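The values are calculated or read from the model by the stated rules, or taken from the named source; none is laboratory data. In this text the structure is predicted, and so the values were computed from the model without any measurement. Note that we place each Cβ from the backbone using ideal geometry, even for glycine, and neighbour counts take in every protein chain shown.
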Amino acid sequence: MYFLIDGYNLLFRLSESKNSLQFQRQTIIRSLQKEFKCLHLEGTVVFDGRHQRDEQSGLSYQSPLVIAYSHKGQTADQYILEKLETASTPSDIAVVTDDRFLATTARGLKARTIGLKAFIVLLEKKHAQRRLKREETQDERPVRETQRNMERLLKEFEARLKSVRDY
């Protein structure tokens, strides 16, 4: 599943910060990058407007998350819909937004849609599955004693055996 995220829609739902829009955008980008990298997800977060000079472009990030800015005169919604129209399999794409018009139009183009709360729940579930899988893997590993610990246990066993014999 490839995710197309309505960037400002997500940012304005999650952030109640008094910081600059640029700072909030960079914060949400970093946060999403960590999530996507950790969970092995792929996607694009789309913001209205052109890329800011003092910000990195999406291509300079080391992440499976692409950062895109809509072209002059184009909204992020239009950018996302254009990507869906040109996609060979839009059913493999999930549009993450709470914007009703965008969601309805995306579904009309055969894409999946996920509301922002559902998207956050999905990320939490994937983290839980990952933790569970990691715990299961750790439980399956055979316990191996070190030579030093084996010698310590052998001495303790011999001491207890001797105390039982002497009793």
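When only residues in segment 1-53 that are of a type in the set (Val, Ile, Thr) and either in contact (Cβ under 8 Å) with a residue 40 or more places away in the chain or not in a helix (DSSP H, G or I) (or both) count, which is nearest to residue 79 (Cα to Cα)? The extreme case among them is 46.
May I ask you to verify whether residue 146 is of a type in the set (Val, Ile, Thr) and modelled with pLDDT of 95 or more? Answer is no for this residue. Taking the criterion of being closer than 17 Å to residue 7 by Cβ and assigned to a helix (DSSP H, G or I), would at least one residue in segment 123-142 satisfy it? The answer is yes, given that some residue of segment 123-142 is closer than 17 Å to residue 7 by Cβ and assigned to a helix (DSSP H, G or I).
Go through segment 65-84 and report how many residues are among the polar types (S, T, N, Q) and assigned to a helix (DSSP H, G or I). Count: 1. Only one of the numbered conditions (1) within 13 Å of the chain's Cα centre (by Cα); (2) outside any helix (DSSP H, G or I); (3) among the basic types (Lys, Arg) is violated by residue 110, and that is (1). Among the residues of segment 16-33, those that are of a type in the set (S, T, N, Q) and more than 11 Å from the chain's Cα centre (by Cα) comprise 17, 19, 20, 22, 24, 26, 27. Within segment 72-89, residues that are within 14 Å of residue 102 (Cα to Cα) and surrounded by fewer than 16 Cβ atoms within 10 Å (Cβ to Cβ) sit with their Cβ atoms under 9 Å from residues that are modelled with pLDDT of 95 or more and of a type in the set (A, V, I, L, M), at 6+ positions apart or across chains, in these pairs: 85/109. State whether one or more residues within segment 95-114 are buried (at least 18 other Cβ atoms within 10 Å of the Cβ), modelled with pLDDT under 95 and hydrophobic (A, V, I, L, M, F, W, C). Looking for residues that are buried (at least 18 other Cβ atoms within 10 Å of the Cβ), modelled with pLDDT under 95 and hydrophobic (A, V, I, L, M, F, W, C), one finds none in segment 95-114, hence no.
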